[in-house]
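*Asks:* Take this structure, written in structure tokens, and hold onto it; I'll ask about it next.
The values are calculated or read from the model by the stated rules, or taken from the named source; none is laboratory data. Please read these numbers as outputs of a predicted model, since none were measured by experiment. We place every Cβ from the backbone using ideal geometry, glycine too, and count neighbours over all the protein chains shown. Keep in mind that these areas ignore ligands, DNA and RNA; they rest on the heavy atoms of the full protein, side chains included. Shrake-Rupley method; radii C 1.70, N 1.55, O 1.52, S 1.80 Å.
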Amino acid sequence: MIRPVFRALIVASLLSTAAVSLAQVPPGNSAPAGPLPFVDTIPDAVDTPYPGTIKLVVNATDTDRGIFRMKETIPVAKAGPMALLFPKWLPGAHNPRGEIEKLAGLVIRANGRILPWTRDPVDVFAFHIDVPSGAKQLDLEFQFLSATKPDQGRIAVTPTMISLEPNSLSLYPAGYYTRQIPIQMTAIFPTGWTAAGAVPAKASGSTYTYDTTNYEILVDSPVLAGKYGKVFPLSPRVNLNVFADNAAELAAKPEQIAAHQRLVDQAVKTFGAQHYDHYEFLLSISDQLGGIGLEHHRSSENGVTPGYFTDWDSGPGRRNLLPHEFTHSWDGKFRRGADLWTPDFRTPMRNSMLWVYEGQTQFWGYVLQARAGLVSKQDTLDQYASILGIYDTAPARQWRDLLDTTNDPIISSRKPKGWTSWQRSEDYYNEGLMVWMEVDAMLRQKSNGTKSIDDFARAFFGIRDGDWGEVTYNFDDIANTLNAIVPYDWAGFLRRRLTETGQPAPIQGFAMNGYKLVYTPEPTPTFKQSEKGRTDVSYSLGMVVSTAGDVTSSIWDSPAFKAGIDVGTQIQAVNGESYTGDRLKAAIVAAKDPAMPIKLVIKSQDRIREVTLAYTGGPRYPRLQKVGTGETGLDRLLTAR
């Protein structure tokens, strides 16, 4: 018996074959092959309520092997063809990153019988079934196999912690907006564990029964659970939920929590509204759980390595992560580029507005860390200098514009690249930051200091206080909002910055705001901290080298590049002595004398050779130098409200 869902495919194939047979074919030659047309049998999403509530039970107790076991009940209203979807395009991922390869053991039953399923031959995230007559629900059983090594993907389960992302643990019916599909989830964690997430839940021991919500919100509401956890209230509506590999990492000092409380306060003052009923920071401190920084409307997943609290005084570390992800509640979740909004997780997202979504979020992340005192002003200035230095030395803007980098998550799937300085990567983050700094400087100059980007933040993100829906925008909305603050050809300016090539990096906004980029022989303290485990001589020789001598970055057209050094090269010796970072730095100093060139013994694959680097400029490290005296625009920008 031919199942109805495939009749269209077979008919199309027969029609295609018939068309070929009718074609004029020269005598003695076989008929040329013709393409088999695509037949999409997956229904488009419609904005109609789904008939019934999905029940999802997640057993997350197998922490030894990292296996989630699911039982899912999906009500059905009629017999016939049906497609079930695994989430593919996930907000915040900026590409189709759903880990469908980790779904296993799928069995679907109805009326007590196992139903055969067939994966869609075009969209492999879709499963076709025929619902039998009289069936009222589908009963699904399957597993999600978390990575057990980093080369398999992000590790989501450890012996003491679990990152539970509902998008990886559920299927949903095609043909409906995800906001129209009700779902109720229950999660079973190991005995004695606690959990945190944005969807309210009732806990009975280590079993959490979550309130019924819709599928869009559930996917946007991950859960962090663990053996060692603590909750720090930051405001009446915001909590910092911290889980760690061991209890010692939870020892936060009152002044550290106070800095996070100021972050919430400064964000609310900056944007002028809150777009959540409550907000949950989900912070994992671990060298076992996979790192992450992912935004959600009422929560954020934040992964840092051990020492977040206990090594606080050694430098800013990863403390920019929380300000960035918190900003996304306003920028990216409440306000989202129109071409990024989709009705379900199958429809492709388009990334053209990521220079706002991520670029301005990157901008505010650094501003808010300084305003809150989460990171000192000087450390923030030093971090800016490193960002500007990277783009000042990278030549890729000669051929590829900023706007095109918004396609990079889809083009490269966020895989490592050998020549990032020439290929470009997701530069809409930090080059976007520089563009928005220039916007701030221009607003200040054109208004004689009466307006700034804070006015844009309140006008664009501060509307509809208390509303945690979504408001989309396009390019003209950005330009028009800026024009209402200070009249100017903002559309022309932004298009120029987004599409120009062959121009220097847009670092001039910092100089306009009172701080210019310079290079000095000594690194800043923040730069020194970032060098742990590596030696960064990007601004002199044009490379970064690990402690073992492995080159992890080589800048296009730099002295290292011209000597044939690329990512994967190993430096074995410096001027006749075995490699160390200190010896490499000493050689840079000595090479200021042309009679003392830098000679390296390098290994590339199976070839060992000696190279000489043509460089005599001495050590160079980026730093921001204040222009003039008095309070500058950047000084005011980083001052607490």
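*Asks:* Please verify whether Ile588 is assigned to a helix (DSSP H, G or I) and of a type in the set (Val, Ile, Thr), treating the condition exactly as stated.
*Replies:* Criteria met by Ile588.
*Asks:* May I pose another question? So which of Thr118, Thr160, Thr148 ends up being closer than 23 Å to Leu224 by Cα, surrounded by fewer than 18 Cβ atoms within 10 Å (Cβ to Cβ), among the polar types (S, T, N, Q) and more than 18 Å from the chain's Cα centre (by Cα)?
*Replies:* Thr148
*Asks:* Going through Ser538, Ser553, Ser558, Ser546 one at a time, which residue ends up being without any contact (Cβ under 8 Å) to a residue 60 or more places away in the chain and either hydroxyl-bearing (Ser, Thr, Tyr) or touching a Leu at 6+ places or on another chain (Cβ under 9 Å) (or both)?
*Replies:* The conditions single out Ser546.
*Asks:* It is to be established whether one or more residues within the stretch 521-531 are touching a residue at least 12 places away in the same chain (Cβ under 8 Å), in contact with a His (Cβ under 6 Å, 6 or more places away or on another chain) and not in a helix (DSSP H, G or I).
*Replies:* no
*Asks:* Given the condition touching a Pro at 6+ places or on another chain (Cβ under 8 Å) and not in a loop (DSSP other than H, G, I, E, B), answer yes or no: does some residue in the stretch 546-567 qualify?
*Replies:* The answer is no; no qualifying residue exists.
*Asks:* Output the residues belonging to the stretch 326-361 that are touching a Gly at 6+ places or on another chain (Cβ under 6 Å) and either open to solvent by 10 Å² or more (accessible area, probe 1.4 Å) or at pLDDT below 95 (or both).
*Replies:* Selection gives Met353 alone.
*Asks:* Could you list, in sequence order, the residues of the stretch 615-638 that are part of a loop (DSSP other than H, G, I, E, B), touching a strand residue (DSSP E or B) at 6+ places or on another chain (Cβ under 8 Å) and open to solvent by 50 Å² or more (accessible area, probe 1.4 Å)?
*Replies:* Arg620, Val627
*Asks:* Continuing with the same structure: What are the pairs with Cβ atoms under 7 angstrom where one residue, in the stretch 43-71, is in a loop (DSSP other than H, G, I, E, B) and the other, located anywhere, is at pLDDT below 95 and of a type outside the set (Lys, Arg)? Sequence gap at least six, or different chains.
*Replies:* Pro51/Ala77
*Asks:* Determine which single condition Ala18 fails, assuming it passes every other condition in (1) at pLDDT 90 or above; (2) loosely packed, with under 13 Cβ neighbours inside 10 Å; (3) not in a loop (DSSP other than H, G, I, E, B).
*Replies:* Only one criterion is unmet by Ala18, namely (1).
*Asks:* Still on this structure, please answer the following. When only residues in the stretch 482-501 that are surrounded by fewer than 17 Cβ atoms within 10 Å (Cβ to Cβ) and in contact (Cβ under 8 Å) with a residue 24 or more places away in the chain count, which is farthest from Asp427 (Cα to Cα)?
*Replies:* Ala484
*Asks:* Which residue pairs have Cβ atoms under 7 Å apart, sit 6 or more places apart or on different chains, and have a first residue in the stretch 309-320 that is touching a residue at least 24 places away in the same chain (Cβ under 8 Å) and a second that is hydroxyl-bearing (Ser, Thr, Tyr) and part of a loop (DSSP other than H, G, I, E, B)?
*Replies:* Gly317/Tyr308
*Asks:* Now, a different point. Looking at the stretch 97-110 only, could you name the residues that are at pLDDT 95 or above and open to solvent by 50 Å² or more (accessible area, probe 1.4 Å)?
*Replies:* Residues satisfying the conditions are Glu101, Arg109.
*Asks:* Further question: Considering only strands (runs of 3 or more DSSP E) fully contained in the stretch 120-192, which possess at least 2 residues that are at pLDDT 95 or above and touching a Gly at 6+ places or on another chain (Cβ under 6 Å)?
*Replies:* In the stretch 120-192, 137-145 are the strands (runs of 3 or more DSSP E) which contain 2 or more residues that are at pLDDT 95 or above and touching a Gly at 6+ places or on another chain (Cβ under 6 Å).
*Asks:* Which pairs have Cβ atoms under 8 Å, sit 6 or more apart or on different chains, and link a residue in the stretch 400-415 that is among the hydroxyl-bearing types (Ser, Thr, Tyr) to one that is assigned to a helix (DSSP H, G or I) and at pLDDT 95 or above?
*Replies:* Thr405/Glu431; Thr406/Leu354; Thr406/Trp355
*Asks:* Another question, then. For the condition of a type in the set (A, V, I, L, M) and within 27 Å of Asp211 (Cβ to Cβ), what is the one hit in Leu171, Leu145, Leu115?
*Replies:* Leu171 is the lone residue from the list that is of a type in the set (A, V, I, L, M) and within 27 Å of Asp211 (Cβ to Cβ).
*Asks:* Can you report the number of residues in the stretch 53-96 which are small (Gly, Ala, Ser), farther than 22 Å from His297 by Cα and crowded, with 17+ Cβ neighbours inside 10 Å?
*Replies:* Of the residues in that region, 3 qualify.
*Asks:* Among residues belonging to the stretch 407-417 that are closer than 20 Å to Thr393 by Cβ and not in a helix (DSSP H, G or I), point out the one that is least open to solvent (accessible area, probe 1.4 Å).
*Replies:* By that ranking, first place goes to Lys417.
*Asks:* While we're on this one: Please verify whether Asp476 is under 30 Å from Ser530 (Cβ atoms) and of a type in the set (Asp, Glu), treating the condition exactly as stated.
*Replies:* no
*Asks:* Take Leu374 and tell me if it is open to solvent by less than 20 Å² (accessible area, probe 1.4 Å), closer than 23 Å to Leu234 by Cβ and not in a helix (DSSP H, G or I).
*Replies:* It is true that Leu374 is open to solvent by less than 20 Å² (accessible area, probe 1.4 Å), closer than 23 Å to Leu234 by Cβ and not in a helix (DSSP H, G or I).
*Asks:* List the helices (runs of 4 or more DSSP H) that sit entirely inside the stretch 418-508 and contain at least 3 residues that are under 20 Å from Thr270 (Cα atoms) and either of a type in the set (S, T, N, Q) or out of contact with any Ser or Thr (no Cβ under 8 Å at 6 or more places or on another chain) (or both).
*Replies:* By residue number, 430-446, 453-461, 475-485.
*Asks:* Any residue at all in the stretch 250-271 that is touching a strand residue (DSSP E or B) at 6+ places or on another chain (Cβ under 9 Å), among the β-branched types (Val, Ile, Thr) and under 29 Å from Tyr50 (Cα atoms)?
*Replies:* No.
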